[in-house]
Amino acid sequence: MVVESENILGSIRKHDRLVTKLRRELREFAQYLDDPVVTEIMLNSDGRVWVQKSGAGAVPVGTMSANQAQAFLSSVAASLNEIVTREDPRINGVLAIDGSRISGQISPISQTPTFTIRKHDKTKKRLDFFINQGVMTPNQHSYICRAIEAKKNIVVVGSTGSGKTFLTNALLHELSCLCPHDRVLTIEDVCELNVSSENYVSWYTSPTVDLRGLLHESLRAKPDRIVVGEVRGGECYQMLKLWNTGHSGGFSTIHANRGLRDGLSRLELMCAESPETAGLGSEWIRRLVAEVVDVLVVITYQGGKRKLENLVEVVGVDDHCEYLVNAI
């Protein structure tokens, strides 16, 4: 027990030293990690640092030298047990300071070091927050709540920075209030989802276990709800299969820039990337998407404001295999 306690204390001290080092290398820009209004911190190729605040556009706040940025990214890489080099000039992971998500690049991808820090919003908000912010209508709010209670499968669609994760976290909080006894399993690459339910398990991908592997493992955790942070490829088919075989009521997000139709097309294309769908044909995949995905929520961010661009119920397909949807 003494040895174990000493090891734990040693790990804590090591983490504290690392956090101090990272803050020192960020210098004056570290303050924005502590600002609850700031959502993103971005270093551009010209050395200017920009910050994005909730409900406002990005503004420049200063400059960072290439040497300072290189030192910071090298320390971030070391904290992730990685090395950033010309041969491997990218870094993606979680910032040890506060759990924010960081993506960094050095030469030859970028002439000078660049990075984007997306802060992890730890606040837990219910869906009615989005009514107060003018993001959704009371009617849309009521429909989504009924869909959660009815164990409908909900996919949130949007571009980068649109608020997909923010909205999904609100869905999770609403789920904990409406269905408090459901066991929730979340699966994601990095920790971004805030689970409010008492009975939950959170899994993360690793260099040896990807999203598909975790989805395959998920049934052993006996979840009532399976929530996937974001699907980007063939694992989409695995997720839909699980939702369609006794594990309905799941949430997920996908990246799509052009709204409703683009979101449905993205789901089809990702399913087609799975080896399991080889030879099944595009029409079969479309019918699967229409059968399994019950609700599509399209969220946008323009002019410093978020808005539900579309909220639709997916009814099925017609005789020509075109989607049938009801706008809410």
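A short reminder: the numbers here are calculations on the coordinates, not readings from a lab. Computed from a prediction, not measured in an experiment: that's the story for all the values here. Glycine gets a Cβ as well: all are built from the backbone with ideal geometry, and neighbour counts include every protein chain shown.
Among Gly93, Gly303, Gly62, which one shows the biggest mean-square fluctuation in a GNM of the chain, springs joining Cα atoms closer than 10 Å?
Most flexible of the set in this elastic network: Gly303.
Write down the percent of antiparallel bridges among all DSSP beta bridges whose residues are both part of the chain, to the nearest 5.
Approximately 65 percent, going by the DSSP bridge assignments.
Quick check: Cα centre of region 20-98 to Cα centre of region 170-228, how many Å?
Cα centres, region 20-98 to region 170-228: 29 Å.
Could you work out [θ]222 nm for the chain from helices alone, using -39500 (n - 2.57) per DSSP H run of at least four and dividing by all its residues? Round to the nearest 500 deg cm²/dmol. If you can, show how the numbers build up before the last one.
On the way: 10 runs with 116 residues, N = 328.
It comes out at -11000 deg cm²/dmol, rounded to the nearest 500.
Going by how many other Cβ atoms sit within 10 Å of their own, how do Lys119, Lys241 line up, fewest first?
Working: Lys119 23, Lys241 16.
Going from sparsest to densest Cβ surroundings: Lys241, Lys119.
Mind telling me which of Val135, Val209, Val195 comes out most flexible in a GNM of the chain, alpha-carbon contacts under 10 Å?
Evaluated over the chain, the most mobile residue of the options is Val209.
Structure shown: which of Lys124/Lys241; Lys119/Lys151; Lys125/Lys305 lie over 24 Å apart, alpha-carbon to alpha-carbon?
Lys124/Lys241; Lys119/Lys151
Run the numbers on the chain and let me know its relative contact order in percent, using alpha-carbon pairs under 8 Å that are six or more apart.
Value for the chain: 14 percent.
Once a ≥ b ≥ c are taken as the square roots of the eigenvalues of the Cα gyration tensor of region 2-118, is the result rounded (a/c under 1.5), prolate (a/b larger than b/c) or oblate (a/b not larger than b/c)?
Oblate shape, in that a/c is at least 1.5 and b/c is the bigger or equal ratio.
Given the options Glu192, Glu313, Glu283, state which has the largest fluctuation in a GNM of the chain using a 10 Å cut-off (strictly under) for Cα springs.
Glu283
What does the charge count around Pro223 come to, taking other residues whose C-beta lies under 10 Å from its C-beta (Lys +1, Arg +1, Asp -1, Glu -1)? Numbers along the way, then the final one.
On the way: positive: Arg183, Arg220, Lys222, Arg225; negative: Asp182, Asp224.
Net of charged neighbours comes to +2.
Could you compute the net charge surrounding Leu280? Neighbours are other residues with a C-beta less than 13 Å from the C-beta of Leu280; K and R count +1, D and E count -1. Intermediate results must be reported in sequence, preceding the final value.
Numbers: positive: Lys241, Arg286, Arg287; negative: Glu268, Glu273, Glu276, Glu283.
Result for the local shell: -1.
Would you list, by chain and number, the aspartates and glutamates whose Cα falls below 15 Å from the Cα of Lys307, excluding same-chain residues fewer than 8 positions away?
Asp128
Quick check on the chain: take the gyration tensor over C-alpha atoms, sort the square-rooted eigenvalues as a ≥ b ≥ c, and tell me if it's rounded (a/c under 1.5), prolate or oblate.
Prolate is the answer for the chain, as a/c is 1.5 or above and a/b outweighs b/c.
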